[in-house]
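Working notes, structure below.
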Amino acid sequence: MSAITGLLQVPGRTTGWIDDRMNPIVVKELRQAVKSRFVVAVLMLMLSILMIILTAVLLGQDPRRGFDEDAGSELFLVFQSILLATCMLFVPLYVGIRLAAERSTATSDLIYVTTIRPSSIVWGKLLAGMIVTALTFSACAPFMVITYLLRGIDLPTILFVLSLDVLIVLAATQLAIFVGTMPIGWPVKAFLSLVLIGMSVMGFIGMTIFVGDELLRSGIGSAMDDRDFWIGMAVFVGSWLAGVALVFFLSVAMITPATANRALVPRLYFTLVCVGSFVGFFYLTRNVGTMEPLVAWLVGVFIMLTLASVISSSERENLGPRLRRGIPRSRLLRVPAFFFYSGAAGGLLWVQGLLLLSMLAVYIAKAYFEGLIASGASSTFRYSSYDPFPDEWLPRFASTSMWVIGYLLLSVIICRRSTKMKNGVIVTGVMGLIIMAAVSVVPMIIAYAMDPDRWDFNVEFWLLLNPFGPLFCEKGDWTGTYGSIAFILSIIFFVVMQLVNLPWYWRQFRGFAPPASTNSKGLNADPALDDGPGPGVAADG
């Protein structure tokens, strides 16, 4: 009897175990979604539109002549567009607005007093949004089945397109969560929301064109037998999910208390992703026989690290007791830890080191493929030594990186060292962006005022200080006078800014140490390690 009683209690124990480990944020959000009239109204409106379109299409068909061979594919394109547009606009806005309201100054204390971890909060919001997305997709499933019955489209194509839709909605929802977690005012959040809506519209248009012109015409079932198709899809899906995970970790860092080490997980994760993705793109480059995959990899890494440099320049300089207690006491481990802990100097050095290693890795890959071609070991690789990317575009990326880092270090001098600017730590990145905008626009205005008819031909003048000039100029300009001057000038400017900021680097590295001892109250007894006023309100000493 005891054995039978134990077996009967297994379902209850299993349910209790699942209930105890259920994310409370997911439960709360789903309860709100079920009670929300807005969610129900959106679903009913979408289903009504789909039903009206389906009825109109079926009534417009003549049964005596049979259905059009492309009726199913054309109707699927319409249904898929409505479904994607609804999910891309409704789900991210619903999740992002609710999180932004909870992140506001009036209710932000609820986030910090709860025992729920920041990662659980972000994960719960994302999972709740994707469950609402799954509910929307399941509501549209009967309409997708009807398109299959009308012929003109196969089941693998339907599943493939819907899977791509899920990936797009996943990225849009995570971006909306990231905007909602930012500690900024409502006007800036509203502006960023408009930018996110614009990106969603562009993604929707691109996806619709891709589905209509590529997938529905040829179908995806025939390509599934090709090994290259699965390799390409694995790289694409892996890169997409890696980008979503990066935004996830950044969102967690946004709602993590300022006393914690916010930068550790995002920097460590992005470093590991760079290494792993380079291996995948290197294999893909060798498999497809062109440098295009590695070019795309370097462009993506360059864009992300450029954004990371702006964020890192606005990080703290003085570390609190909570963060210092986690610093390794071993000097051997303390040096690499400096690059991954919260701090402006460590963040900028981490960006510079990863940029250098990324460009060096692409250059070594280029030399490796040239060796394969020279030895005749590869007959499929179509790369040649005359390809302009490694020899021309690597210096362009290097020059742009040095300009960006140099201008950010100049903003460090202005905001943190030379002036007693209020909130100088926070506005350092903004000041760097303002400087880059000024040196990009002002020379153009001066050049136009001096010669309105031929101002755009003098690239040596109006693009010389532009940090992104090396990427914008034409090939002839870069290989000519402008390229030689701009590259050398970027090196000189970069080196000068590094030398001027050496005391700033050294002061933060010297202060990166665990508490030497504690007094009876548990506070730091070493005066050199006490938290003082931020360098944004005091000159560098």
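The values are calculated or read from the model by the stated rules, or taken from the named source; none is laboratory data. Model, not experiment: these values are computed from the prediction. So basically every Cβ, Gly included, is an ideal-geometry build from the backbone, and we count neighbours across all protein chains shown.
With the condition kept exactly as written, say whether any residue in the stretch 83-98 is at pLDDT 85 or above, over 30 Å from Ile184 (Cβ atoms) and either assigned by TED's automatic domain parsing to the domain that holds Met46 or more than 25 Å from the chain's Cα centre (by Cα) (or both). Yes, there is a match, as at least one residue in the stretch 83-98 is at pLDDT 85 or above, over 30 Å from Ile184 (Cβ atoms) and either assigned by TED's automatic domain parsing to the domain that holds Met46 or more than 25 Å from the chain's Cα centre (by Cα) (or both).
Taking the stretch 141-163 as the search range and keeping residues that are crowded, with 19+ Cβ neighbours inside 10 Å and hydroxyl-bearing (Ser, Thr, Tyr), which one is farthest from Trp230 (Cα to Cα)? Taking the candidates together, the pick is Thr147. Might you check whether a residue that is modelled with pLDDT of 90 or more, over 15 Å from Asn501 (Cα atoms) and of a type in the set (Gly, Ala, Ser) occurs anywhere in the stretch 400-423? Yes: the stretch 400-423 contains one or more residues that are modelled with pLDDT of 90 or more, over 15 Å from Asn501 (Cα atoms) and of a type in the set (Gly, Ala, Ser). Here the stretch 111-136 is the region considered, the condition is being out of contact with any helix residue (DSSP H, G or I) (no Cβ under 7 Å at 6 or more places or on another chain) and in a helix (DSSP H, G or I), and the residue that is modelled with the lowest pLDDT is Tyr112. Is it fair to say Met497 is closer than 21 Å to Ser411 by Cβ and either exposed (fewer than 14 other Cβ atoms within 10 Å of the Cβ) or touching a Leu at 6+ places or on another chain (Cβ under 9 Å) (or both)? Considered against the rule, which asks whether it is closer than 21 Å to Ser411 by Cβ and either exposed (fewer than 14 other Cβ atoms within 10 Å of the Cβ) or touching a Leu at 6+ places or on another chain (Cβ under 9 Å) (or both), Met497 comes out as yes.
Scanning the stretch 357-388 for residues that are in a helix (DSSP H, G or I), modelled with pLDDT under 85 and touching a helix residue (DSSP H, G or I) at 6+ places or on another chain (Cβ under 6 Å) yields one hit, Lys366. Taking residues in the stretch 360-372 that are under 12 Å from Thr285 (Cα atoms), and partners anywhere that are in a helix (DSSP H, G or I) and aromatic (Phe, Trp, Tyr), the pairs with Cβ atoms closer than 7 Å and at least 6 places apart or on different chains are Ala365/Phe282. Filtered by the rule that a residue be at pLDDT 85 or above and hydroxyl-bearing (Ser, Thr, Tyr), the stretch 453-496 gives a lone residue, Ser490.
Is it true that some residue in the stretch 261-273 is in a helix (DSSP H, G or I) and more than 23 Å from Ala361 (Cβ to Cβ)? Yes, the stretch 261-273 contains a residue that is in a helix (DSSP H, G or I) and more than 23 Å from Ala361 (Cβ to Cβ).
Within the stretch 467-478, residues that are buried (at least 16 other Cβ atoms within 10 Å of the Cβ) sit with their Cβ atoms under 6 Å from residues that are basic (Lys, Arg), at 6+ positions apart or across chains, in these pairs: Pro470/Arg396.
Condition check for Leu502 on (1) touching a residue at least 12 places away in the same chain (Cβ under 8 Å); (2) closer than 22 Å to Leu348 by Cα: one failure, at (1). Set side by side, the residues Val188, Val166, Val179 differ, and just one is surrounded by 19 or more Cβ atoms within 10 Å (Cβ to Cβ), in a helix (DSSP H, G or I) and not polar (S, T, N, Q), which is Val179.
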